[in-house]
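To keep things clear, I will list the structure first and then write my remarks on it.
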Amino acid sequence: MRGQKLFLLLLSLMLLSGCVQKEVVDDVNIAVGIGLDKKDDQILGSVMIPVYKTDRSIENFTFTSKGTVTRDIIFQMSHKSSQPIVTGSLEVGLFGEEVAREGIIEFLDAFQRDPSVGARVYLAVVDGTASEIFKGNYGDRGNAIYLSGLIQQNTERGNMPLTNVHQFLFDFYQKGKDPFLPLLKKTQPDLVNIAGVALFKDEKVIDSIPTSKMFYFKLLVDEYSEGTIKIKADNKESVIKSLKSKYKFRLKKRSPYEFDIHINIDALVSEYTGRTVSKKVVKKIEKQLERQVASECTKLIKKFQEKNIDPIGLGHFAKTQTRGFDFTKWTEEYPNAEVKVSVDVSIAEVGVVE
Amino acid sequence: MQNERSSSPEKNQQHTQNKNEEKKNSEDWEKTFLKSKDFTKTNYINQKTGKPFTFVFMSTLVDEKILSNSVLPALLEEELYQLSDIKKLLPIPDVQLSTEKSEIEKKLFNGYVMLFLDNDKSLFAFIAAQKEVSRSVSAPEIEFSVVGPKEAFVESLRQNINMVRKRMPIKELVSEEFTLGSLSKTKISILHVEGITNDEIIQTVRQRIKNIEFDEIVDSSYIVQLISDNESSPFPQLLDTERPDRVAAILAEGKIAILVDGSPHALIGPTTLIEFFSSFEDYFLNWVLSSFFRLIRVFGVAFSILITPIYVAALTYHYELIPKDLLGTLINSRRVVPFPPILEALFLEITIELLREAGARLPTKVGQTIGIVGGIVLGTASVEAGLTSNVLLIFIALAALAAFTTPVYKMSNTIRLLRFPFLLMAELWGLLGITIAFCFLMTHLIRLTSLGHPFLEPLYPPRVQDLKDAFIRGSFKDLNRRPSYLRTKDPIRFSGEKSHKKKDIDE
């Protein structure tokens with residue numbers, strides 16, 4: 001009898017205390033992309049919503065609204081929408097250049113705070129405005145899938161180092177490391193390009209790396225890469241596909257700081273304009289690539305030091321190697337730190353052409 | 001009560017007495033008997049000694065051929081002076097002398113013929129002349145197997161025990177008999193192998209069966225419900241089988257079997273949850289194949305229980321879990337449906353349940369097939385009418401199909417039922433609700449016992465050795481030990497070392 005009463009009590013507690021808000025999949029507007037631009041003094045937010053047509057094609061619809069913070073902008077948009085806008089299925093977040101130059105961390109708060117937003121949402125800075133990118137029609141699977149696919153594909157197989165909300169926030173909150181994001185640019189009405197890597201100082205974009213230097217950048221910040229690079233050796237052009245690369249930092253001296261970065265590349269020749277790739281040629285290509293990578297990487301690091309940004313995380317590395325590390329001292333010393341890059345290339349394969 | 005006309009030795013014919021006279025002279029024990037038409041009482045006179053004697057029997061229960069061929073000629077033509085002489089005269093193995101009047105009813109209704117000499121009614125003999133009416137042994141229908149024996153139990157206890165004994169012709173196979181039911185007087189037999197089966201199991205069963213208070217026991221499934229550890233559980237705690245070969249196999253493992261007269265199903269215990277997913281055909285196939293089929297079955301059950309709740313949960317609460325490519329398909333199929341996912345799912349689930357229930361009531365097995373096919377046609381129509389989404393229809397049809405893979409009928413009924421609480425919890429709290437429902441299910445299963453032995457063994461408590469014949473069926477060479485949870489008196493079935501030896505080369 002007592003058990004029954006308890007059961008009834010529990011049952012009524014369960015059933016009467018109210019349920020979680022339902023979000024039935026076809027009764028909500030699923031935001032898949034969000035873009036933030038600067039307009040006048042306010043932020044112009046755009047939210048991308050796929051419209052699934054009965055013939056299985058996907059159309060893109062964009063809500064835009066003005067406001068000051070992300071959640072408020074989305075709330076403003078719901079004034080125009082017949083169904084609630086839900087953000088659990090975000091794929092990409094784009095930031096217009098102007099916004100990115102003024103800092104994006106306050107907008108990212110909405111991404112971090114909401115547990116339904118994934119940590120692997122891609123973020124990107126737009127050379128231009130995000131709303132412009134949202135206006136196009138790319139691919140046949142919807143704009144958001146196109147944009148996230150663009151970044152994902154270039155991360156997995158191209159020269160783009162891995163970036164997403166998780167990585168960005170990690171780099172941001174990690175002392176002695178600065179974040180970076182892909183830089184997108186709309187070049188044609190139905191195509192978006194990766195235009196390079198946007199470099200941040202804290203939360204503000206201050207510089208970018210062009211696509212031609214992205215291979216070297218990825219060697220410095222990403223463990224595994226499958227990028228390609230064209231090099232010239234012996235007046236013959238060859239395209240090298242990097243199978244695997246690894247980098248290793250070493251702290252050699254502390255005052256002044258001296259670092260040694262060793263990059264190991266296992267590569268293969270995927271194209272060569274000369275005739276046969278003999279062992280001699282392979283040696284030459286290896287030597288040339290080593291020289292090229294070393295000099296380009298050194299140049300990149302020099303540039304970072306000039307701008308006083310640290311996307312490869314030397315400060316963080318130094319901290320892990322030093323007891324009682326002093327960051328204020330480090331920021332002063334960083335531009336003068338000496339960084340040596342040594343490269344070891346081994347070409348494993350030259351293809352089947354004899 | 002002697003009839004004068006039959007006193008002369010020459011006219012030794014059968015004389016039926018006048019009913020009225022009979023009633024007047026009848027003794028106490030006969031009063032109720034006389035109301036039945038098939039109660040027969042006949043008088044005879046022995047030719048040599050002139051002794052009159054009387055037969056009393058139930059004509060519907062007695063094989064009259066035995067009477068006229070073996071009993072009557074001897075009794076009429078040989079020298080019969082006193083009742084104890086019949087032991088010499090009758091060519092029948094089961095003849096008992098008795099003075100107990102209380103035994104009369106029991107014996108008469110078990111097909112015995114009562115015989116007494118008219119001058120001494122206190123002593124009487126019972127002659128066995130039972131009429132055996134039972135259908136012939138046929139192929140198993142529920143636990144059908146392509147290979148292997150094609151014998152199934154029938155409704156006769158004697159026939160059933162015969163089929164088991166043929167497969168295990170040893171004296172250690174003990175059959176204990178009980179009579180249960182104040183009205184049905186059903187004979188129940190417990191089979192076990194002495195020297196293997198743990199005494200505690202036998203004692204438990206014996207005790208529970210003795211404690212049964214019931215009037216009419218019609219089938220073995222009554223016994224299951226009466227002696228189950230937890231009678232409110234939807235899970236059957238004794239395995240029922242119609243295969244004598246399976247009974248012989250589990251007896252060898254150290255389990256016990258309960259056979260009930262009038263029921264073509266034997267009960268096996270103690271059993272585990274895993275055993276309900278193993279078909280006996282698994283042992284007829286190579287262990288690699290049967291292990292694969294068992295895994296398929298386990299997957300089928302999980303799929304059958306969980307797929308609709310997951311559909312409801314994901315579509316109602318967790319749109320972010322759905323892959324982007326699938327989202328279009330789901331939204332398109334859902335767009336025209338006016339109901340929330342739960343109503344849509346309940347609508348289809350109940351349709352399938354109705355069809356299954358109707359199919360089971362249809363006279364032939366074809367009815368079932370037609371029912372399912374009809375269900376899919378009905379489903380397609382309801383998709384076209386915009387009542388349900390076609391994605392869900394596929395899921396429901398697959399789930400129904402997957403539930404049929406369970407080899408034990410009683411378990412597939414349980415699975416039918418289990419889906420609904422999961423569905424309701426999915427509607428209430430999404431995936432969290434499914435998890436909670438699963439916790440309840442697991443708690444219930446962990447607490448459940450079969451004849452005092454854990455139902456979830458070998459998963460909980462974990463018994464690595466017994467896992468050899470759980471999700472996978474190990475090869476016969478590896479199954480050289482009896483299941484450890486049964487605590488058998490002789491845990492080793494055969495020498496594992498010897499069985500692993502290869503004897504290719506003669507030395």
Residues within region A:111-124 that are in a helix (DSSP H, G or I) and more than 14 Å from every other protein chain (Cβ to nearest Cβ), tallied | 2
Options B:ASP466, B:ASP478: the member that is outside the structural domain of B:ILE415 (by TED's automatic domain parsing) and surrounded by 16 or more Cβ atoms within 10 Å (Cβ to Cβ) | B:ASP466
Selected residue (criterion: farthest from the other protein chains (Cβ to nearest Cβ)) from residues of region A:125-179 that are in a loop (DSSP other than H, G, I, E, B) and farther than 29 Å from A:LEU219 by Cβ = A:THR129
All but one of (1) of a type outside the set (Asp, Glu); (2) surrounded by fewer than 21 Cβ atoms within 10 Å (Cβ to Cβ); (3) under 34 Å from the mean Cα position of the chain (by Cα) hold for B:LEU431; which doesn't?
-> (3)
Considering region A:13-63, residues that are polar (S, T, N, Q) and part of a strand (DSSP E or B), and then whichever is nearest to the other protein chains (Cβ to nearest Cβ), we arrive at A:ASN29
Give the residue, chosen from A:GLU97, A:GLU59, that is acidic (Asp, Glu) and either surrounded by fewer than 17 Cβ atoms within 10 Å (Cβ to Cβ) or closer than 21 Å to A:GLY142 by Cα (or both).
-> A:GLU59
Selection count, region A:37-56, where residues are surrounded by 15 or more Cβ atoms within 10 Å (Cβ to Cβ) and within 26 Å of the chain's Cα centre (by Cα) = 11
Can you work out which of the residues in region A:64-105 that are among the charged types (D, E, K, R) and free of Cβ contacts under 8 Å to residues at least 40 places away in the same chain is farthest from the other protein chains (Cβ to nearest Cβ)?
-> A:LYS66
Which one of the conditions (1) within 13 Å of another protein chain (Cβ to nearest Cβ); (2) modelled with pLDDT of 85 or more; (3) not in a strand (DSSP E or B) does A:LEU108 fail to meet, given that it meets all the rest?
-> (1)
Can you give me the ranges of the strands (runs of 3 or more DSSP E) entirely in region B:69-174 with at least 2 residues that are of a type outside the set (Asp, Glu) and buried (at least 17 other Cβ atoms within 10 Å of the Cβ)?
-> B:112-117, B:120-128
Single residue of B:ILE92, B:ILE86, B:ILE104 found to be outside the structural domain of B:LEU183 (by TED's automatic domain parsing), within 22 Å of B:PHE33 (Cβ to Cβ) and among the β-branched types (Val, Ile, Thr) = B:ILE104
If you take the residues in region B:333-342 that are crowded, with 19+ Cβ neighbours inside 10 Å and facing chain A (nearest Cβ under 7 Å), which one is nearest to the chain's Cα centre (by Cα)?
-> B:PRO341
Check whether at least one residue in region A:267-290 is within 30 Å of A:LYS329 (Cα to Cα) and not aliphatic (A, V, I, L, M), and report yes or no.
-> no
Residue satisfying all of: in region B:273-320; without any contact (Cβ under 8 Å) to a residue 40 or more places away in the chain and within 14 Å of chain A (Cβ to nearest Cβ); surrounded by the fewest Cβ atoms within 10 Å (Cβ to Cβ) among these | B:GLU320
Evaluate the following for A:VAL352: is it in the same structural domain as A:ILE240 (by TED's automatic domain parsing), part of a loop (DSSP other than H, G, I, E, B), more than 21 Å from A:LYS213 (Cβ to Cβ) and of a type in the set (A, V, I, L, M)?
-> yes
If only one of A:ASP326, A:ASP310 is buried (at least 20 other Cβ atoms within 10 Å of the Cβ) and among the charged types (D, E, K, R), which one is it?
-> A:ASP310
Which pairs do you get when a residue that is under 14 Å from B:ILE212 (Cβ atoms) and in a loop (DSSP other than H, G, I, E, B), found in region B:185-200, comes within reach of a residue that is aromatic (Phe, Trp, Tyr) and modelled with pLDDT under 95, reach meaning Cβ atoms under 8 angstrom, with the pair 6+ apart or on two chains?
-> B:LYS185/B:PHE109
Output for region B:36-50, where each listed residue is in a loop (DSSP other than H, G, I, E, B) and either over 48 Å from the mean Cα position of the chain (by Cα) or polar (S, T, N, Q) (or both) = B:SER36, B:ASN46, B:GLN47, B:LYS48, B:THR49, B:GLY50
Right, B:ILE250: in contact (Cβ under 8 Å) with a residue 12 or more places away in the chain, among the β-branched types (Val, Ile, Thr) and more than 22 Å from B:SER220 (Cα to Cα) or not?
-> no
Evaluate region B:168-183: report whether one residue or more is touching a Gly at 6+ places or on another chain (Cβ under 8 Å), of a type outside the set (Lys, Arg), in contact (Cβ under 8 Å) with a residue 12 or more places away in the chain and closer than 27 Å to B:TYR283 by Cβ.
-> yes
Here is a list of conditions, (1) of a type in the set (Phe, Trp, Tyr); (2) closer than 18 Å to A:ASP207 by Cβ; (3) in contact with a helix residue (DSSP H, G or I) (Cβ under 7 Å, 6 or more places away or on another chain), and A:PHE304 meets all of them except one; can you say which number that is?
-> (3)
Inside region B:397-421, can you point out the residues that are within 18 Å of B:ALA266 (Cα to Cα) and of a type in the set (D, E, K, R)?
-> B:LYS410
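The values are calculated or read from the model by the stated rules, or taken from the named source; none is laboratory data. The structure displayed is predicted, hence computed values, not measured ones. In this analysis, Cβ positions are derived from the backbone assuming ideal geometry, glycine residues included, and neighbour counts consider all displayed protein chains.
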